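Written below as structure tokens is the structure these notes are about.
The values are calculated or read from the model by the stated rules, or taken from the named source; none is laboratory data. Computed from a predicted model, the values in this text were never measured in an experiment. Virtual Cβ from ideal backbone geometry, glycine too; neighbours counted across all protein chains shown.
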């Protein structure tokens, strides 16, 4: 269960970053800015959090690729011409 729980952080951070950009986040407080950037400080923080929490996803993808590669080698024998 704990392994799957570690996968929840990255999507949650990405959703929070998108919601911050879509809803305006802190730009309402700083309304004196003429053209505020849609990627404000909070969205940047959430994206960094998602990046720092991505290793479980990278391990999951790497493990699946390794298993798929091993399966392909087992099911298709290597035949050499000769």
Q | Every residue from segment 1-28 that is in a loop (DSSP other than H, G, I, E, B), modelled with pLDDT under 85 and surrounded by 10 or more Cβ atoms within 10 Å (Cβ to Cβ) | A | 6, 24
Q. Does residue 58 meet the test of being under 21 Å from residue 17 (Cβ atoms), in contact with a helix residue (DSSP H, G or I) (Cβ under 9 Å, 6 or more places away or on another chain), in a helix (DSSP H, G or I) and at pLDDT 85 or above?
A. no
